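Where a number appears in this text, it was derived from the coordinates with a stated rule and is not lab data. As the structure is a prediction and not an experimental result, all values here were calculated from the model. Here the Cβ positions follow ideal geometry from the backbone for every residue, glycine too, while neighbour counts run over all protein chains shown.
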Amino acid sequence: MRRKLAAGNWKMNGLAGDLAQLDTIAAGHDGAAAEVLICPPATLLAPAAARCADTAVAVGGQDCHAEAAGAHTGDVSARMLADAGATAVILGHSERREDHGETDDLVRAKAGAAHAAGLMTIVCVGESLEQRDAANTLDIIAGQLAGSVPDGATGENTVIAYEPIWAIGTGRTPTNDQIGEVHDFMRSRLVARFGEGVGRSVRLLYGGSVKPGNAAEIFAVSNVDGALVGGASLRADDFSPIVAALSDSAQSI
């Protein structure tokens, strides 16, 4: 049974005072059926991990370098994230791919480094609006899965997040049928590559304007094992109802 996962990506948001939100999130979901992960900016990672040490909330990073150490000014290695208290890291987010020109090969190398450091990776895939309109969505997803996910992926060290780029932060959400089509396709590709055991153990998250108002119906879609949440994860009042909806969906299985 794949345990449901609600992952919050704070992106380039948050100062020390915002860590109090973690207390509220943790208090509301201690013993929840769903796993909860918050990925704050690197400046808050260590204090967030310390704050969540005795709670059910885990903490992760938003990116890492492919090398374990070296002359890479401004970068953070997977080992550094783990040393700061992270248990996971987001890789290949569309904003990294677009803003920093990250390729599938680079994401794959970063994922390998993260696995070597003992981190779970959330590998992001997704299509642009132009690719969606050209009916290229599944081809894009297939290529990103093949190129970005390392051969050593397992259900323990790898999570895949489908993020339609055109739905991130726009308030637009694909239909449930569109989400289900992509998630079912990703499952079939993972099974074909890794076999039934591993292929069916990797959790598949949906990311793209997930909010309290639409969370329950998204979590009812085939092969949706949780969510990678952006803006709605910054405040407990928005994120906690999403976690609650996910926990309800887990208990109904």
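The peptide list 173-182, 86-95, put in order of mean Cβ contacts within 10 Å with the highest first, becomes 86-95, 173-182.
Only the Cβ atoms of Lys and Arg (+1) and of Asp and Glu (-1) were treated as charged; on that basis the dipole of the chain about its Cα centre amounts to roughly 340 debye. When only Cα pairs below 8 angstrom with a gap of at least 6 residues are kept, region 74-211 shows a relative contact order of 24 percent. On a straight-distance basis, which aspartates and glutamates could pair with LYS110 in a cross-link, Cα separation under 14 angstrom, same-chain partners fewer than 8 positions away excluded? Cα-Cα hits under 14 Å: ASP63, GLU67, ASP75, GLU102, ASP151. Rounded if a/c is under 1.5, else prolate if a/b is larger than b/c, else oblate: which is the chain, with a ≥ b ≥ c the root eigenvalues of its Cα gyration tensor? Rounded, because the longest to shortest axis ratio a/c is under 1.5. In summary, the lysines within cross-link reach of LYS211, defined as a Cα separation below 17 angstrom excluding same-chain residues under 8 places away, comprise LYS4, LYS11. In a DSSP loop and with at most 12 other Cβ atoms within 10 Å, the GluC sites (Glu not before Pro) in region 111-174 are GLU156. In terms of its C-alpha gyration tensor, region 126-253 comes out oblate, because a/c is 1.5 or above while a/b does not outweigh b/c. Estimated from helical segments only, the mean residue ellipticity of the chain at 222 nm is -12000 deg cm²/dmol, where each DSSP H run of four or more residues counts as -39500 (n - 2.57). Taken one residue at a time, the phi angles of region 73-85 give Karplus couplings (6.51, -1.76, 1.60, θ = phi - 60°) of 4, x, 8, 10, 8, 5, 4, 5, 4, 4, 5, 7, x Hz. Gly and Pro are set to x.
Each of LEU44, SER233, GLY155 was scored by the projection of its Cα onto the charge dipole of the chain, and the greatest displacement toward the positive side belongs to GLY155; charges sit on the C-beta of Lys, Arg, Asp and Glu.
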